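Notes to accompany the following structure.
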């Protein structure tokens with residue numbers, strides 16, 4: 001327990017130091033926020049344009065899709081802010097800088113994640129939060145204690161699922177740094193997917209997302225329960241309740257792949 | 001002329017070195033094509049005709065734009081900015097060849113590589129998975145190739161200007177990120193410009209960004225014929241010329257303040 005606490009404190013210290021370093025370039029710091037805001041707003045504009053042409057997309061109204069988008073967006077932004085730096089792992093391995101992390105008495109994963117903490121990534125959480133607020137204001141959800149718990153669990157579980165996938169994907173870099181961009185299909189692709197109701201995708205895509213790379217549990221299943229909608233994967237909306245379990249499982253698999261990767265890692269030899 | 005040709009060849013070869021990365025990139029472009037296609041299919045099921053597009057036009061739009069992302073290098077081109085930051089740009093400036101022409105030649109070589117290996121493969125997969133609109137008229141293809149070349153020059157002229165800001169700013173990345181996010185939307189990657197309500201649509205279709213993705217795709221789909229086709233290509237060419245000229249003026253200002261140390 002003391003160890004865990006010490007790790008958390010270290011994480012916080014490293015993260016703060018990295019954020020301060022970023023803030024030194026003031027103009028870039030501000031522009032980065034602007035860039036994230038433009039990217040987030042345009043994503044949602046694209047959804048608005050779709051609803052300009054039709055009232056319901058795959059049986060989901062605009063506020064319902066906005067709810068999904070907001071929920072998934074917040075989870076994704078949290079993940080991106082905490083561990084988005086893993087995208088540079090391939091570069092670190094090629095340059096040999098990852099080796100430095102291995103000789104320090106601290107988890108390599110934690111050090112890569114905090115090597116460049118980009119606060120700008122939280123802009124997306126604010127933008128997604130605004131969309132979520134708009135959604136809730138227009139949805140007349142009959143909130144109950146159960147739904148509130150599900151809502152909170154959805155955000156945390158979503159972040160854990162994204163993290164598990166992101167960590168496992170990045171760890172591929174320990175075997176080959178060549179095809180790293182494939183990971184983007186699952187991380188950024190996952191974010192895109194989870195912003196839309198899953199029933200607009202083909203049957204096999206749905207099953208793949210529910211049971212292989214469990215993106216369906218990021219926002220879709222929790223939203224079914226909160227909004228009281230039917231399930232389009234296997235007709236079992238009650239699957240919403242296993243969300244936290246799936247989240248723990250995904251994160252564990254991610255960490256397992258990472259550990260296997262580090263054991264396999266033999267440095268660049270230079 | 002020979003020097004530009006050789007530069008273009010080097011631009012092509014430079015990217016040809018990274019085979020794994022090329023495969024991974026094409027894979028990701030394809031996955032996103034499937035996702036964007038699925039979302040719009042759900043829309044098309046309810047509304048088969050939007051603007052001047054029918055279902056297969058829209059799906060073709062999705063896949064062609066996925067293929068054009070790397071050809072027009074929409075995201076994060078910073079080669080020139082890196083040369084400025086490292087100071088190596090002084091070497092480029094002292095070459096006995098026009099500076100902007102040198103970079104443009106290299107970029108066209110790169111674009112050819114990306115057209116073959118990042119552009120065509122995703123579109124082929126798209127053709128297998130979705131009912132796309134593929135024209136058979138060779139003149140249409142010729143016009144499309146011309147439009148893509150112009151789109152590349154146009155996008156280069158914008159990227160050139162953004163990269164030049166590195167002469168003034170300590171860190172060019174902020175500007176580059178804002179520019180990238182902005183033209184991703186304005187060029188119509190997230191949603192075809194055709195789908196926008198009339199007001200915003202008119203504005204965006206007059207901006208240079210419309211020449212990067214929307215016009216090449218419209219040419220491919222045969223939305224421009226005869227004089228209208230010439231007009232569309234001229235739109236791209238004029239914007240490209242104006243922006244290349246702006247780039248030259250900014251470069252001149254940058255060179256005036258440039259101090260080369262050491263030697």
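Readers should treat all values here as calculations from the given coordinates under stated rules, not as data from a laboratory. The shown structure was predicted, so the numbers you read here are calculated from the model rather than taken from an experiment. Quick reminder, even Gly has a Cβ in these numbers, built from the backbone with ideal geometry, and neighbours come from all protein chains shown.
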Tell me the angle of helix B:19-46 to the major Cα principal axis of chain B, expressed in degrees between 0 and 90 and rounded to the nearest ten. 40 degrees
What share of all Cα pairs of segment B:2-261, in percent, falls into each consecutive 5 Å distance bin? 1, 6, 12, 17, 19, 17, 12, 8, 5, 3, 1, 0, 0
Helix-only [θ] at 222 nm, the protein assembly as shown, -39500 (n - 2.57) per DSSP H run of 4+, per residue, nearest 500, equals -23000 deg cm²/dmol
If you line up the long axis of helix A:243-264 against the longest principal axis of chain A, both from Cα atoms, how many degrees apart are they, to the nearest 10? 20 degrees
Tell me the Kirkwood hydrodynamic radius of segment B:1-117 in angstroms, computed as one over the mean inverse distance between distinct C-alpha pairs. 16.6 Å
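Mind ordering B:12-25, B:194-207 by average Cβ neighbours within 10 Å, highest first?
So the peptides B:12-25, B:194-207, ranked by packing, come out B:12-25, B:194-207.
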Inter-label distance, nm, simple model (7 Å from Cα along the C-beta direction), residue A:41/residue A:144: 4.0 nm
For labels at residue A:259 and residue B:94 in the simple 7 Å Cα→Cβ model, what's the distance in nm? 5.7 nm
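Rounded, prolate or oblate, given the Cα gyration tensor of segment B:87-229, with a/c below 1.5 counting as rounded? It would help to have the intermediate numbers written out before the result.
Details: a/c = 2.03, a/b = 1.52, b/c = 1.34.
In terms of gyration-tensor shape, prolate.
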With a ≥ b ≥ c the root eigenvalues of the C-alpha gyration tensor of segment A:2-45, is it rounded (a/c under 1.5), prolate (a/b larger than b/c) or oblate? oblate
Please compute, for the alpha-carbon atoms of chain A, the extent along each of the three principal axes and give them in descending order in Å. 59, 42, 39
Specify whether the C-alpha gyration tensor of the protein assembly as shown places it in the rounded, prolate or oblate class, a ≥ b ≥ c being the square roots of the eigenvalues: rounded for a/c under 1.5, otherwise prolate if a/b is larger than b/c and oblate if not. oblate
Mind checking B:172-180 for the average number of partner chain beta-carbons within 10 Å of each residue's beta-carbon? 6
Just report the Cα centroid separation between segment B:1-17 and segment A:209-231, whole Å. 49 Å
The relative contact order of chain A, taking Cα pairs under 8 Å that sit 6 or more residues apart, comes to a percentage of 25 percent
Using a Gaussian network model on chain B with a 10 Å cutoff between Cα atoms, which of B:232, B:111, B:151 fluctuates the most? B:232
Can you give the average number of partner chain beta-carbon atoms within 10 Å of each beta-carbon in peptide A:55-64, as a whole number? 2
Return A:120, B:257, B:223 ranked ascending by Cβ neighbour count within 10 Å, so the fewest neighbours appear first. B:257, B:223, A:120
Using a Gaussian network model on chain A with a 10 Å cutoff between Cα atoms, which of A:243, A:97, A:123 fluctuates the most? A:97
Give the separation of the Cα centroids, segment B:34-86 to segment B:140-196, in Å. 13 Å
With a cut-off of 8 Å between alpha carbons and a minimum separation of six or more residues, what is the relative contact order of segment A:133-270 in percent? 38 percent
Residues residue B:241 and residue B:145, FRET efficiency given R0 of 22 Å [Cβ-Cβ distance, rounded to 0.05]: 0.70
Gaussian network model of chain A, Cα springs within a sub-10 Å range: biggest mean-square fluctuation belongs to which of A:178, A:87, A:231? A:178
Expressed as a whole number, the average count of other chain Cβ atoms within 10 Å around the Cβ atoms of B:12-20 is 1
Pseudo-spin-label distance residue A:249 to residue B:203, built 7 Å along Cα→Cβ, given in nm, is 4.8 nm
